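All of the numbers you see were taken from the coordinates with simple rules; none came from a lab. Remember, predicted model here, so these are calculated numbers, not experimental data. Reconstructed Cβ throughout: ideal geometry from the backbone, glycine too, with neighbour counts over all protein chains shown.
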Amino acid sequence: MPAKTDADRLIGAYLGELRSELRSVRQPRRRQILEAVTTHIEEARATLNADDEVSIRPMLERVGDPANIAAEAADDEPQRRRQWGDMLVPWLLLLGGFIYFIGWFIGLGLIWASPTWRLRDKIVGTLVWPGGLAGLVYLSSAWVGTTSCGGIAPIGQRPVIHCVTHGFSVPPALGIPLVVLLLVAPFAVVIHLERVRRGL
């Protein structure tokens with residue numbers, strides 16, 4: 001691996017400063033700018049006769065001051081935080097399931113289409129809890145096992161009773177903490193998604 005030249009170090013410092021200035025710009029836009037500037041520098045560097053600090057520094061000055069590039073990016077970036085779609089996503093994921101689950105699926109589509117949230121945020125929003133509170137209500141109703149019994153017997157003989165349990169039951173010692181956890185989790189996800197949306 002060849003040793004880094006003064007030009008390499010100068011370019012690395014410039015890109016590091018640009019990366020730092022862009023920290024307030026959202027990830028997709030930040031990545032796009034860094035890739036574009038890096039490509040531009042590589043192309044401009046290839047046209048230089050010399051590969052030293054004396055030739056590289058003026059080239060970087062022509063690319064632009066990192067602070068100015070970041071300021072322009074912030075001005076040009078769409079204000080997605082204020083869009084209705086992003087504002088509705090956390091609440092559709094929490095409560096949309098009560099509208100025949102349609103609202104939850106709409107929220108799911110919006111979060112995956114939006115660049116506001118990272119991949120891990122989208123996965124968490126999808127999996128905790130599917131259907132939101134409506135999904136939790138449905139699951140809780142399935143936990144309450146119901147038993148129906150019936151039987152027949154010839155006259156004068158003891159009837160044979162057959163009982164059938166529908167659904168499944170969970171012991172209270174396990175069920176109550178589990179319900180509390182599953183109830184808290186969707187609200188925690190909503191708070192997290194809302195904080196990301198607001199840039200907190």
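Only four residue types carry charge here, +1 at the Cβ of Lys and Arg and -1 at the Cβ of Asp and Glu. Report the dipole size of region 6-76 about the Cα centre in Debye, rounded to the nearest 20. Don't skip to the answer; put the middle values down first.
Numbers: 10 positive and 15 negative charges, 79 e Å.
About 380 debye.
Summary of packing: across the peptides 85-94, 101-110, the per-residue average of other C-beta atoms within 10 Å ranks them, highest first, as 85-94, 101-110.
Just check region 6-76 against the gyration tensor rule for me: Cα atoms, a ≥ b ≥ c as the square roots of the eigenvalues, rounded for a/c under 1.5, and otherwise prolate or oblate depending on whether a/b exceeds b/c. Numbers along the way, then the final one.
On the way: a/c = 2.28, a/b = 2.10, b/c = 1.08.
Because a/c hits 1.5 or more and a/b exceeds b/c, region 6-76 counts as prolate.
In terms of surrounding Cβ atoms within a 10 Å radius of their Cβ, T39, T47, T5 rank from fewest to most as T47, T39, T5. Karplus-based coupling profile of region 117-125, in residue order and whole Hz: 9, 7, 4, 5, 5, 5, 5, 4, x, with θ = phi - 60° in 6.51 cos²θ - 1.76 cosθ + 1.60 and x standing for Gly or Pro.
What full-extension length gain, to one decimal in nm, is calculated for W112 and R195 as 0.36 nm per residue of separation minus the Cα-Cα distance?
Details: separation 83, 0.36 × 83 = 29.88 nm, distance 1.69 nm.
Between W112 and R195, full extension yields an extra 28.2 nm.
Ordered by the count of other Cβ atoms within 10 Å of each Cβ, fewest first, R9, R26, R19 give R9, R19, R26.
The phi-based Karplus calculation (6.51 cos²θ - 1.76 cosθ + 1.60; θ = phi - 60°) puts the 3J(HN,Hα) values of region 36-41 at 5, 5, 4, 4, 4, 5 Hz, whole numbers, x for Gly and Pro.
For region 6-47, the square roots a ≥ b ≥ c of the C-alpha gyration tensor eigenvalues yield an a/c of 1.5 or more together with a/b not exceeding b/c, which makes the shape oblate. In this structure the amide hydrogen of T116, modeled in the peptide plane, comes within under 5 Å of no amide hydrogen from residues 5 or more places off or on another chain.
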